[in-house]
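Step one of this worksheet: look at the structure below.
The values are calculated or read from the model by the stated rules, or taken from the named source; none is laboratory data. No experiment lies behind these values; they were computed from the predicted model shown. Here Cβ is always computed from backbone atoms with ideal geometry, including for glycine, and neighbour counts include all displayed protein chains. When the accessible area is computed, the model is the full protein with side chains, heavy atoms only, and any ligands, DNA or RNA have been set aside. Shrake-Rupley method; radii C 1.70, N 1.55, O 1.52, S 1.80 Å.
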Amino acid sequence: MTASSKNIARGSVEEISIDDGFYVLKTQNESPQTQQVIREIDSSFIQFHYCLKGGAQFIFNNGNYALDLLDEHALLLYNPQIDLPLDLHINSNSWVISLLISIKKFHSLFSQEADYIHFLSDENKDKKYYDSKSISPAMAVVLNQMMNSNLHSSIRTLYLKGKAYELLSLYFNRSKDANIEQCPFLVDEENVLKIRKAKDIIIARMADPPSLQQLANEVGLTLKKLKEGFKQIYGDSVYSFLFDYKMEYACKLLSSNKMNVNEVGHKIGYSTSSHFIAAFKKKYGTTPKKYISS
């Protein structure tokens, strides 16, 4: 797999082997440029692509055809007749998680569900199948957990394996009321959109974020609904989510070697370098300077 092209930013691309014939690709493009991800994928694989934020385009047939991956949408691609190599152009400030699973592996998971998952049926098994759908709140929780996990290397693959299977289950979940049972608050799609707006606000204003009450007022929710809804969708409290985001953003700025430690700390909202260094060490167990040197 490569993530390179002339005049195209590399970004952050990681591939994890989950099982035989099952892979997870995590891509974060925080640069101002479009990022290109290229990978060979033959016709024996089903592709699931999830855009957590931003957007992307799939390029096919040497650039003659493009398919959009929209913000907070999932795209399923399967064509048993021809190879579908990955040529993904990811927009600036976009996150994408992809699951690549062989049809053999996929059949072993859903062999009893062929009637429900209609493209697995004998009638359709040799036909191409494309599908786009909105990412549900339950899927958003799992995707953010996968993207933001900072576990020890000895258990990280096991953790991601469990989350990848959970994500597949949620994609094909036949119960329309699954999210209602987990959290009645999320029945209201308007409230879900408000929670996502709250997330965008704190990221855009990470250097000087509003208070929780100010944030709740700005998106039109009660403080209780903001806290409960944010936890349900993103799996964390508002400020804990923001802290993790700021630290990961700091890592990217430090890795670029375009800013020193003081500048990075100021960029994400720390008035003194000592406060930034303390926060960074709390998160990663090392100082920013040591992180750069490593």
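Cα centroid distance between segment 195-274 and segment 42-115, in Å?
Each part's Cα centre sits 30 Å from the other's.
Between S294 and E190, take the C-beta separation as r, use R0 = 51 Å, and let me know the FRET efficiency to the nearest 0.05. Walk me through the numbers on the way to the answer.
On the way: r = 46 Å, r/R0 = 0.89.
Step by step, r from the Cβ atoms, then E = 0.65.
Please identify which residues in segment 224-266 have an amide N closer than 19 Å to a label point set 7 Å out from the Cα of Y159, following the Cα→Cβ vector.
231-252
Calculate the radius of gyration of the Cα atoms of segment 4-104 to one decimal place, then report Dmax, the largest Cα-Cα distance, as a whole number, both in Å.
When restricted to Cα atoms, segment 4-104 yields Rg and Dmax of 12.9, 39 Å.
Work out, step by step, the length gained on full extension between T286 and L67: first 0.36 nm times the residue separation, then minus their alpha carbon distance; give nm to one decimal.
74.7 nm
For segment 203-294, list log₁₀ I(q)/I(0) at each q in 0.12, 0.15, 0.26 Å⁻¹, using the Debye formula over Cα point scatterers of equal strength and ignoring solvent, two decimals each.
Listed by q, the Debye log ratios stand at -0.43, -0.62, -1.28.
Report, by chain and number, residues whose modeled amide H sits under 5 Å from the one on S44, excluding near sequence neighbours (fewer than 5 apart, same chain).
none
Is there a pair in K53/K194; K26/K290; K267/K289; K252/K289; K199/K225 whose C-alpha atoms are over 19 Å apart, and which pairs would that be?
Values: K53/K194 15 Å; K26/K290 25 Å; K267/K289 16 Å; K252/K289 13 Å; K199/K225 14 Å.
Check vs 19 Å cut-off fails for K26/K290.
Using Cα pairs under 8 angstrom and six or more residues apart, how large is the relative contact order of segment 194-294, in percent?
Relative contact order of segment 194-294: 22 percent.
Any chance you could look up the accessible area of E40 with a 1.4 Å probe, heavy atoms only, rounded to 10 Å²?
Per-residue accessible area (E40): approximately 150 Å².
So how exposed is S237, as accessible area in Å² (1.4 Å probe, rounded to 10)?
Answer for S237: close to 60 Å² accessible.
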